Amino acid sequence: MNLRKFSRYLFDFDTHYPRSIIAGVILISIILGWKIFDLEMDPSVKSMLPRDHEIVHSMEKVDEMFSGSDIIIIAVESDSLFIPETLEKLSSFQDSLESFDILGNVTSIFTQKHILPDDGGFEIEPLLIDIPRDSANQENLFKRIKKSRMVGNLVSEDLRTLCFIGQIITSFEYDEFEFRSKIFELVNRFSGPENFYVSSLPITRATVIENMQRDLRVFTPIALGLCLLLLMISFRSWTGVFLPFFVVGFSILWTFGIMGLMDMSVAFIGTMIPVMLIAIANNYGIHIISHYYEFTIMEPDANRGKILRKTIRKLGVPIFLAGLTTMISFLSLLSSALPRVREMSLLISFGILVAFLLSVFLIPSVLVLVPRPTYLTKRSGISKINKFLVVLGRAFTRFKVPILTLLGIIGFWLSLGINDLKVDTNPDHYFPPNSRLRIANTKISEAFGGSTQIHILVEGDIYNPKTLQNIEMLTDHIKTTHDIVTKSFSIVDVIKNMNSGFHGGDPKFETIPDDRDLIVQYMFLYSIASEADDFDIMLDDIEEPSFTQVFLRLKEVQTITIAEIVDDTEQFINANFYDESPIKLTGGATLLGILTRMVLKGQLFSLCFSIFIILIIMTLVFRSITGGLLATLPMVVSVIMMFGLMGYMNIPLNMTTSMLTGILVGVGVDYTVHFLWHLRDHIQDGDSLDEAIANTMKISGKGILFNGLSVVVGFSALLFSVFVPVQIFGILVMGSISFCLFGALATLPALTSLINPKFLYK
């Protein structure tokens, strides 16, 4: 059975059982609709990676042994930071932070210890013993702060900003929204005249969830409203408006219903599913109704069964091919190593399949039952839009050589911008520069060398001098190789400081002792003179530790730079410590770096794979390599031009923009398939090439045009997002689909007129 015969059987089924089809669609929608209420949001970056990934295991180990790697940094800025009144106020703030059950150690100048040389050893005392009341004591405090190396760590270089660093106990059950609310309530209570800045991953996550929920509430009605407006302008009938609308609505409902049925959560990129389906899912319905109306105008006396049969016969195959290629483009993302991307590809593909099935079953079933708009049978001639498309097609065929030359030059220039394309998956960059979170991160970065940390987990005999020397060698390599790494902190710094104190504070003894027993003795003396939990975040056990954490602070950078640090560090570890203590990169920044690397690799593979498969399918459909190339070329050029434009405009590739190729490849090829298929039909009906181009533009051009405009209009809803990458993604899709639309309605007529391919006549 060929595809044309299948389309006729499909029409017969629709016309015989229209009411049963409509009832079945409504019943399934009710059942799946109830499951939507079971959906939950999940903005976690960790969930983007496979559960068996090494970084996930190492982060879980850190959570288990060190109560987690999440921290909260609160910076306080003031011109009079060290006057007694301010210090007393901030001391009370310290006490308030420590009252939070979720916070373990809260480190600041109020808790930091100071190592002083003593006769035959060293003495440990609080950095801030008493709040200084006069200039002499204040100056003495400044000296102690500088000597303790807290400048740049807990106190800024200009002594105008200090920070509080609290460890968040991940084993503690807590509500991130409630935690954010209480933290900001506390900060607001203590603010003024001092400025407070808060940076914390759980707070970022809570804000992301809140904005995701807001985006879903805003996107869907805006996108639907804009699509309804476009459909009303296009078809001027309630049938033409609401049938594609229902297809879109049901496809979204079924997709999220399936997610609820399977106990899936909505990730950050999942918020775009409704908009993507609104923009894509109505394509098939628009084509059916557009052709149904155009054929009605051409044959006003024909009954609707005859017109509908002709519509299905003409559109069955190209609609099937359009749906197939769109699904293939998204299913190519299954090659991604990221589970959330694979999940997204399956969900969108499912939504597209639902939209296709509803378009070929539900829409014809309704059209069989309802009368056609009366204006269709009274209209004579062709519409202004159709006339414009015919004129456009003739203009591009007449001036094909200069137009194609100009387009080639523009395309080549834009392609050069790919060299400047970057990757950035940092969740901080989800927010605009003037947002509270971005301002806080910028302030903390300026004052303390960054709010981002790379963690290194070291396993082995931690007090062994060789292990400590390896840690020192690794941190020195990272800091000297990468300028954005501003500071490091580890057990090595503590032991070197104690060794110097033991030798009267002599800087030349600020080294790692060669004697393990001496190191153990130092740590024993420190534990006696200090709090028992001082090393909870650094050592798994103070007496015989087998794990320790190393902390590297980074300036605010794009995650592609973090990925470079991760790659270089992994290579250095493998080259120098392969047979020694296991050393693993871990922490949130490392996760982002690895995620960036995987996004870039997966993007390239899925793009090439989907283009190759679609090229093969189009070649087989048209039984010509020329036909395959003509069907895919405008889409490929659009992809290249858009990535080049992103490079020129310094727009990074991220988790949202990585979906761009799926839309471009899947949707972009739809327009060329419809154009070439109907062009060949007209030629086989006896038209010359020029006549076939004109008739294709007149009959099918409107459907292609309004399909493209529906995508552009649908994705314009993303401009209302509070997330910067989502806004940018919306702009990119609108621009790239415009490229594809131009390619189908302008470039293809010019190309086919120039080369006059033989497959059109077979």
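Throughout, read-outs are computed from the coordinates displayed, never taken from laboratory work. None of these values were measured; they are calculated from a predicted model. As a convention, Cβ positions derive from the backbone with ideal geometry for all residues, glycine included, and neighbour counts pool all protein chains shown.
Based on alpha carbons, the Rg and Dmax found for region 151-231 are 19.4, 63 Å. Evaluating 6.51 cos²θ - 1.76 cosθ + 1.60 at θ = phi - 60° for every residue in region 609-620, the Karplus couplings come out as 5, 5, 4, 4, 5, 5, 4, 4, 4, 5, 5, 5 Hz, glycine and proline recorded as x. Rounded to the nearest 500, the helix-only mean residue ellipticity at 222 nm of the chain stands at -21000 deg cm²/dmol, with each DSSP H run of n ≥ 4 adding -39,500 (n - 2.57). The largest-to-smallest principal axis extents of the Cα set in region 430-573 are 52, 34, 29 Å. Cα-based values for region 120-257, radius of gyration first and Dmax second, are 28.0, 95 Å.
A compact globular protein would have a Cα radius of gyration near 2.2 N^0.38 Å; the ratio found for region 604-726 is 1.22. Shape class of region 267-373 from the alpha-carbon gyration tensor: prolate, with a/c at 1.5 or above and a/b greater than b/c. The convex hull defined by the C-alpha atoms of region 674-762 has an orientation-averaged projected area of 5.9 nm². Remark: the TYR648-LEU754 segment gains 35.0 nm on full extension, using 0.36 nm per residue and subtracting the alpha carbon distance. Each of the peptides 384-397, 352-365 was scored by the mean count of other Cβ atoms within 10 Å over its residues; in descending order, highest first, they stand as 352-365, 384-397. Spherically averaged projected area of the convex hull of Cα atoms, region 402-490: 10.3 nm².
Scanning residues 5 or more positions from GLU123 or on other chains, those with amide H under 5 Å from its amide H are LEU116, ASP118, with H placed 1.01 Å from N in the peptide plane. Counting Lys and Arg as +1 and Asp and Glu as -1 over every other residue whose Cβ lies under 11 Å from the Cβ of GLY260, the net charge comes to -2. Taking the C-alpha atoms only, the angle from helix 516-529 to the longest principal axis of the chain is near 90 degrees. Give the separation of the Cα centroids, region 391-451 to region 84-110, in Å. The two parts, judged by their Cα centres, are 44 Å apart. Arranged from fewest to most other beta-carbon atoms within 10 Å of their beta carbon, LYS306, LYS508, LYS496, LYS182 become LYS508, LYS306, LYS182, LYS496.
Between 0 and 90 degrees, the angle of helix 283-298 with respect to the longest Cα principal axis of the chain falls at about 20 degrees. What the pair-distance distribution of region 458-507 shows, using all Cα-Cα distances binned every 10 Å from zero, is 23, 45, 29, 2 percent. At q = 0.09 Å⁻¹, what is the log10 ratio I(q)/I(0) for the chain, with the Debye formula run over Cα points and no solvent? Log-scaled intensity ratios, in q order: -0.86.
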